[in-house]
Every structure is written in C-alpha cells, then in structure tokens.
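Below is one structure, written out as structure tokens; the observations come after it.
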Amino acid sequence: MNDAKPIPHWRLLVGVNRTQSWRRLKSAVAQSRLHAFLMGLFVVGYAWLAYALFHKALQFTSSFPGLGPVLIERMMFLLFAFLFLLLLLSNVIINFTNLFRNKETQFLLSLPVPRQVVYRWKIFESGILASWAFLFLIAPLVAAYGATYNAPWHFYLVTPLFVALFVVLPAILGSWAALGLARWVDRRAFQVAAVLAVIVLIVAASSWLQPETVTDEMLETRVLDVVDRLLARTRFSLFPFLPSYWVSSGITQWVEGALMGTFFFGLVLLSHTLFFGYLALTRTGGFFYGALSAVNSRGGGTAAGWKFWKRKPALDQAAFAPRPLDRLARLLWWGRGDTRALIVKDIRTFWRDATQWGQSLILFGLLIAYIVNLRHFSHRLTSDFWIDLTSYLNLGACALNLATLTTRFVFPQISLEGKRIWIIGMAPLGMRRTLMAKFLFSTAVSMGVTMALVGASCAMLSIPPGRILYFTLTVGVMAFTLNALAVGLGAVYPNFREDNPSKIVSGFGGTLCLVLSFLYIIGMLSLMAATSRWAFGGSSVAVFWLGWVVFLGGSFLLGWLPLRAGIRKMASVEI
Amino acid sequence: MIEIEHLTKHFGDLKAVDDVSLTVSKGEFFVILGPNAAGKTTTIKVMAGLMKPTSGSVRICGFDIGVSPIEARRRMAYVPDFPFLYDKLTPAEFFRFTGKLFGMEEAAMEAEAERLAKRFNLGEFLAKPIEGLSHGTKQRVAIVSALMHSPEVVVFDEPMVGLDPHHSRVLKDTLREQADAGVTVFVSTHQLSVAEEMADRIGIMHQGRLAAVGSHEELQAANRDSTLESIFLSLTNDDE
C-alpha cells in the first residue's frame, strides 16, 4: 500500500466503465450485425428525416412576414424550457435508482473511495443516461433552426457547447432532489405526495390555460397584438432566471449575429454551471451518504414524520388472507388463477416502485390537463378544417402519449423479472402464457384509459357521436399494436442483468420500440386522415374502407410479428 | 483490531442491532453465528460503513468508520454475501482495478494477485469475462480482490456460500494463516463446523443482541452443553 501517492479514483472509474461499455457494445454488435446495422440506420434515418421535416416546417413558419420569426423564437425558448423540465424529472428518477438502488454504489462505498467521488461518478453517469436521448431528439431541430437562418459554421460549434453547459444544471438539481426525496420521504409518503402534486398540476394547468378573447375586428387589424396575447401563456419560457432562457437567448442571438449577447448569456450559464457544479462535486458527498444510510435503514418502515398513515402489519394467518387487490382481480380477471396471480404481482410491484408510476402520473396528468382545456379551444374553432385538424392531432397526441407509456413501462416488463425469471420459467404457467398475460393486461388497461381520454377529448371538441366512435376505435386498435410491439420487443431484447427500467429502455430494444411506435403512429395517422370520409376534402366510401383495411392489417402485422418473435424467443431463453 | 461500542441500529420500528459491544483483537479469528434476521449482516454493513449506526460506534484499527471512513476501509477487506463484480471485465482486470483503488504499487499488485489467484485456482479464468464464470468462481474472484491489498482486518459475510469443499478448505486455511500473521478476521456464517474448527472466539447473535461470546470451550462451560449446535439452538430458541 502506498499512502503518499494520491489515488486517481475518477480516472479508474471512468476507465473501468468505459471498458465495460465498449465491451457491451462490441458483444451487441457481435451478437447480431443485422440489429446493429438497423440501429445505425434508425439513428441516421431519424436524424435525416427529423431534420428535413423541421427544416421544412421552420421555413414555412418563417415565410410569414413579421410573425414567423416571433413564433420561431418563442418555439426555441419553449423547446429549451420544456427540455429543462424533462431533464430535471429524468435526472431525479435516474439519480434515485443510480444512487440508492445500484450495486456498484454499494461496492464502491465499501472500498477506500471517498463518498464525494462515488457521488460525483454516479451523477455523471446519471446525467449522461438522462440526457443523451433528449439531446439526440432535439439535435435535428436545432440544426434545422440554424439552417433556416443560414447560421454561420461556428453556430454548430457554439450550440453544442451551450447545450453541454446547460444539461449540467438539471443533472445537479435532479440529483439534489433525489437526495432530498431519499433522505426525507419514504415510499408511502412519496405516493401520497405525487398523487396530490398531479391533482394540483391538473387544476393549476386547467385554470391557468384560460382562453383569450379575440374579436374578428382584432384579427383583421391587430394581428401582432393578437399573436402576442395568444403567446401570453408561453411567456414563462422568457423568465430570465430559467437556465433554458440563457441557453435559448445565447443560441438565438448567435444566429442573429449579436455575438456580445451570446457571450453574456454564455458567461451567465458558465458561472451557474461552475457554481452548482462546484457544490455538487465537492460538497455533497456527506449528504449523499446520510441519504443512502436513511434509505438502507428504512427497511419498509415509515419515516418518523410520516407515521400518521402507517398501516399495521398483518400478523400470522392474517398475512395470507386475500387483500382487496386479490379480490378485485378475482372479480375482473376470469382467466386461470396462475395468470391472475402474475397480474396481481405485476400491479403490486408497479405500485410499490414509486419511481415507476410517478412518471405515468405525470404523463397522464399533463394529458388530462390538455383535454380539459380543449373545451375552451373548441369555442374558437369555427372552420371545419381546424376542427378536423385538431381532432386528428388530438388522436396523435393521445397515441404518442400511449407509445411513451408502453415503451417506458410495458417494454421492460420481461427484463424486470431479471434473475427471478426462473420462478415463472419453472412454473407450469410457461413463458408463452406469461407473455400473453402481460400483453392482454397492459392492453386492457391502456385501451380503457386511452379510449376514455380520446372519447372525452372528442366530446370536448363537440364532434358528432359517429366520429367519436371512429376516433376511439382507432386509438383502441393502436393500443393493441403498441402494447404487442412493446411486449414482443421486450421479450426479443431482454436485459436480465439490469434492475433499473430506465437503463433497460435506453438500450437497443427500447430505442427500437420507441422509434417503431412513433413511425407507426405518424404513418397510420396520416393514412387515417388521408382516407377520412369528412376531413380535408373527404374521400369516397371505397377509399375510406380501404384505409381501414390497411390500418387494421398494418396494425395487426406490426403488433403480431414482434409478439410472435417474443414468444419464440422466450420459449428458447436459457435461464 | 475491531472495536464495536454500544452499537444499535433501527430499521423504522425494528431494532436490528441492539446495544452490541465487542472487541476483536489483532490476530484473532472471530466467527459470528446467528439465525436468519439476527442482525449479523446489519452489524457487518455498519462495520463496512455502508450504513450509519443509530447509536454507538465502530472502530477499525483505531479509526472510527463514521469519522474516518477512508482510513478504516483502507485497512479492511470486506466481502458481502452477494458481491458486486464488473461483469464485462476479466478477473485480472478486476484485480488491477481494486488494487489501484487501494493504492497498491504495480509490482506488489501483480505479485499478490498472482499468488492469491494461484491459491484459489483462478489461473485458467484470469482472462475470461466475469459474466461467464460460475457463482463459486465469482465468489473466489471477490475474495482474492478483497485480500490482495494485505488488509489488517478481514470482514466476510457468508464467504463459504457457493464454494465447493476444496475451495472452502483453501479459504479457511487462508483466513487462518491471515489470523496467525496478525490480521483480525471477522466472519459471519451459518456453518457451525466452520466456527468450531476455525474460531478463536465465537459470537452468537439473536434478535439483534449478542447472546453469547467466547471460545468454544468457554461457551460449553457456560451453557453446560457439549456441542456448538446444542448451544446455538438453546440460545436462539424463541419458544423458551
């Protein structure tokens, strides 16, 4: 042992994890060159297609004299404001699992590695995990923005620098939020707090997003004033203390040639990143250890401050008595007892992992707030074109939300069985029925929820009953396909070594599932709109039914093929 | 040397460790026994600094694990019941990584890793990815990586699990030699034979408390029982 020589902990950790990641990538490529090629194709294809679409859309928007640049600039501010929010949420969740549920963390803490170094390493890892997909998704839009305004070449060098500084802030704030949650809030408290937060969010969003009164006279004479009023609800993105404001201001000013402005916002961003970075990298290790110890010491009990809703533990025989969920499942699930037990187990596991359902609550909360506000929107729609456009976009929004949920929660289901897969694998239930049970259950739940949401949103738009039926049936079929795709691909690309669902979804299978889901939705939505009987000029009866046949056939194939492949893979999986 | 003073650890309302005080001297082989949920692993995790005690303290070679964790861990080898290993690394790379984390010199690291790997028959596995190794082989990798920095205190939680009889023997001999060389050895196990054969002193934990501590002979004398099994059963019987 050499006490005098400083140990390069950080370099060792980076080195060992770099080797691990590189070998994982190599073994993934070696396992199937075709998959690796398809993955590469998706990456390039998405980047190209998204860039082309964004560029076209931005060029179209910028063609409105006076109005275009205002709209585009606001869009950039909104993009980074929501990116900040999403990165923050993503970092909270990933940091929580990475800091407190990760075996490497425990291993490192048992070695002579300072707590601060372990914390630093874990927030770095979480930051990358939480940010890369978002950055990949927005990169084509930012590039298209530069191209629309013929930005100089150095725009494409400065922008990544700004974004790199920007993502550090939500990574640090997210990790601090995760530390706070872990330290002071136990699972049950978090469950109650999350439900309350979502209710508050829905109520606040519903009351905040009130419609603006705009008269015909105003529309004809004071267009910019009207646009400004319509944009009033997006003004939060211009709040100067938001990091997203600094990054969007820096980027937009660089395009405009106001380099000093960019320099100023760059320095604001840099100073905050350095300040918070310094605190996180040098002063948070002790608090992290306290939070970790609190999590490890909780042991299913309730933290001292939250005892008022503590449930008394069942004792002896009472512990085996059917709980309300078992009774409910017996009422609702007429299938065999073993599949029912599997479903009940899945629900319990989901409910007891607060990070899992916390995210679905947020997604549904936002969707409900959106639908509730459609009733204000419908009063403004006088033209059939806008009603039709809104109703199809509404269908798209619900379907995209559903795709996010199926990729995030349904796809990792098989992987999350992890090392426990032998329990199901050895049971008479069999892997085929396991997969089908998971598929049918997730489809039933998501179908019910999304059909209700689409039905409600159509009603808010005052659409005739026949069309409401049309939209709800369409989203019902999509729910079938998206769930089959998620369950099937989840079984084709299982990751039994990983306990963290976020990491499972970040892999090849999860990315493929998300991309295929989105492509399917965009394709089918375009098809349904183009063959609609009433919208956008209207089609003949034959074209309408042909559209439905193609929709049903395509949906069935895209759902059934991965599901069948998943069943086959699971039948031959070596546990 | 390990010094545990009035150690108490609560999990919510549950008292997992209840006012445990114990000193394990330099060169002593101490085996802790106890039924499931007796508090052995919790005690060991507090000793390893993986959780804070509710009250009390643990000192490793004079360093309080809560106050000077780095100094304490630098002198300690800890292997948990389910050790973590980087699955894409080879054992040789893993030894190198842990050796460097302990600040070992290159030459010493290589020599120790080679010596211990030979002793635990890891030679043929040194260049193979850890993910492909059997449970027992992984356990041996974890043991070698823990011992190679020449610790002054060894804390192993259920180290025999997964090891075949041959490698259990190797581990027992290695730990005995370590104790004879002045290393403090603290092992938790469910195998009473290990305690009977190896331990200088045995501790029996029950419901978070140290129900008995002493050499095998002292325990026999105090409990008027001939075998460790009957002593263990009588001390940990909840029905009485």
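Read-outs throughout are calculated quantities, based only on the coordinates presented, and are distinct from any laboratory measurement. Bear in mind the structure is a predicted one, so any value in this text is a computation, not a measurement. Cβ: placed from backbone, ideal geometry, glycine included. Neighbour counts: every protein chain shown.
The ranking of A:Asp346, A:Asp225 from fewest to most other beta carbons within 10 Å of each one's beta carbon is A:Asp225, A:Asp346.
As a test of the formula, what do you get for chain A when each DSSP H run with n ≥ 4 contributes -39,500 (n - 2.57) and the sum is divided by the residue count, at 222 nm and rounded to the nearest 500 deg cm²/dmol? Present the calculation step by step, with values, prior to reporting the outcome.
Numbers: 23 runs with 450 residues, N = 575.
Helix contribution divided over all residues of chain A: -27000 deg cm²/dmol.
Rounded to the nearest 0.05, what FRET efficiency do A:Val29 and A:Ala164 give with R0 = 25 Å and r taken as the Cβ-Cβ distance? Could you check? Step by step, r from the Cβ atoms, then E = 0.35. Compared with the alpha-carbon gap, the fully stretched path from A:Ala341 to A:Val549 is longer by 71.2 nm at 0.36 nm per residue.
Hey, fewest Cβ within 10 Å first, where do A:Arg33, B:Arg74, A:Arg564, B:Arg209 land in order?
Values: A:Arg33 9, B:Arg74 22, A:Arg564 12, B:Arg209 16.
Sorted ascending by nearby Cβ count, the order is A:Arg33, A:Arg564, B:Arg209, B:Arg74.
Would you mind getting me the FRET efficiency between B:His190 and B:Ser215? Use the beta-carbon distance for r and R0 = 30 Å, nearest 0.05. List each step's numbers first, then the result.
Values: r = 20 Å, r/R0 = 0.66.
Once rounded, the FRET efficiency stands at 0.90.
Net charge of the neighbourhood of B:Phe30, taken over other residues with C-beta under 10 Å away and scored Lys/Arg +1, Asp/Glu -1, is -1. The order of A:Arg187, B:Arg73, A:Arg229, going from fewest to most other C-beta atoms within 10 Å of their C-beta, is A:Arg229, A:Arg187, B:Arg73. In region A:55-130, what trypsin sites (Lys or Arg not before Pro) fall in a loop by DSSP, with at most 15 other Cβ atoms inside 10 Å? When the trypsin sites (Lys or Arg not before Pro) of region A:55-130 are filtered for loop state and at most 15 Cβ neighbours within 10 Å, A:Arg101 remain.
Ratio of region A:338-575's C-alpha Rg to 2.2 N^0.38 Å, to two decimals?
Details: Rg = 18.9 Å, N = 238, 2.2 N^0.38 = 17.6 Å.
Rounded to two decimals, the normalised Rg is 1.07.
Helical runs assigned H by DSSP (4 residues or longer) give chain B a calculated mean residue ellipticity at 222 nm of -11000 deg cm²/dmol, each run adding -39500 (n - 2.57) before division by the residue total. Could you tell me how many degrees, from 0 to 90 and to the nearest 10, lie between the Cα long axis of helix B:106-119 and the main elongation axis, the longest principal axis, of the Cα atoms of chain B? Orientation of helix B:106-119: about 70 degrees from the principal axis.
Seen against the Cα atoms of chain B and their longest principal axis, helix B:135-147 is set at about 90 degrees. Near A:Ser175, once Lys and Arg are set to +1 and Asp and Glu to -1 for all other residues with Cβ below 13 Å from its Cβ, the sum equals +3.
So if we plug the beta-carbon distance of A:Asp225 and A:Leu86 into 1/(1 + (r/R0)^6) with R0 = 25 Å, what FRET efficiency do we get, rounded to 0.05?
Values: r = 32 Å, r/R0 = 1.28.
The calculated FRET efficiency here is 0.20.
Taking Lys and Arg as +1 and Asp and Glu as -1, the other residues whose beta-carbon sits under 13 Å from that of A:Pro412 total -1.
Spatial offset of region A:15-89 relative to region B:50-68 amounts to 48 Å, using the alpha carbon center of each.
Expressed as a fraction of 2.2 N^0.38 Å, the C-alpha radius of gyration for the protein assembly as shown is 1.09. Helix B:91-101 and the long axis of chain B differ in direction by around 70°, with both axes built from C-alpha atoms.
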